[in-house]
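Here the structure is laid out as structure tokens; the discussion comes afterwards.
The values are calculated or read from the model by the stated rules, or taken from the named source; none is laboratory data. Nothing here was measured: the structure is a model prediction, and the numbers come from that model. Counting neighbours? That spans all protein chains shown, and the Cβs are built from the backbone with ideal geometry, glycine included.
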């Protein structure tokens, strides 16, 4: 594991598709009234991007990704456990603990690509159990209504259901509606295992910077590049041979899990992604150009935690 070699600004310790304006509430989930895919803000009809190993028109990726997560929503947690042998739970625990939600009083948090609410639940639990904070709030945001419904069903079984501490909102990370997500609103912005699925990472980072308060923390947990050649070879064999097979057996869906594996390989390296975060206006810890200590590798880079503080 790479340690963050330079202390982040003190604010770090203190911190918490394009959707049309019309919104309706569905079983506790705020959702767009128009489910048709939208053109990403900077896209043109001739632009292309990747969908796994395929090259596709930029304007079609949103619908393709939506189809993947519509398909896997009901089995998403089961598959995460099967694919990682449950290790993803430890990674998420480490991710939230690093952010220390509630350490300096109640915080306003946004968890983007929040899916089934894993990160939001951990944020609220950490604030309550570690710091006695029962006022920290999390807005769970996802482009996929089916994933949000899964999260809402999960939260019905917790003490946070029907409290102001959690809300589920369907929106696109690349173009968060300003009337719902004003500038300088949040103390912490989290996105876990979701940013690699967006059409424009640059637009997501721009929106994260906009909605965070000055001194607020951006934090991303994502699969990344394995640094050890032997581990990388074993990981590739497991990813491309076992994970799609597990998708077929446990979820009846080979294609979606093949895409998820391919999307990991198309994600920028640790150093490249750290530079993107810095270019979006965030201060990052460590030396991006040197030994890469601006991030924290987990399990040799299979997963990675990136953080930045809004200047």
Query raised in the report: Taking region 86-115 as the region of interest, how many residues are in contact with a helix residue (DSSP H, G or I) (Cβ under 7 Å, 6 or more places away or on another chain) and in a strand (DSSP E or B)?
Result: 4
Query raised in the report: Could you list, in sequence order, the residues of region 168-200 that are within 18 Å of residue 272 (Cβ to Cβ) and modelled with pLDDT of 95 or more?
Result: 191
Report task. For residue 189, indicate whether it is touching a helix residue (DSSP H, G or I) at 6+ places or on another chain (Cβ under 7 Å) and either farther than 21 Å from residue 282 by Cα or surrounded by fewer than 23 Cβ atoms within 10 Å (Cβ to Cβ) (or both). Result -> no
Report task. Scan region 242-255 for residues that are under 30 Å from residue 271 (Cβ atoms) and either part of a loop (DSSP other than H, G, I, E, B) or touching a strand residue (DSSP E or B) at 6+ places or on another chain (Cβ under 6 Å) (or both) and report the count. Result -> 1
Requested in this report: Tell me, yes or no, whether region 272-284 has at least one residue that is crowded, with 16+ Cβ neighbours inside 10 Å and at pLDDT below 90.
Outcome: no
Query raised in the report: (1) assigned to a helix (DSSP H, G or I); (2) out of contact with any strand residue (DSSP E or B) (no Cβ under 8 Å at 6 or more places or on another chain); (3) at pLDDT 90 or above: which one isn't true of residue 268, the others all being true?
Result: (1)
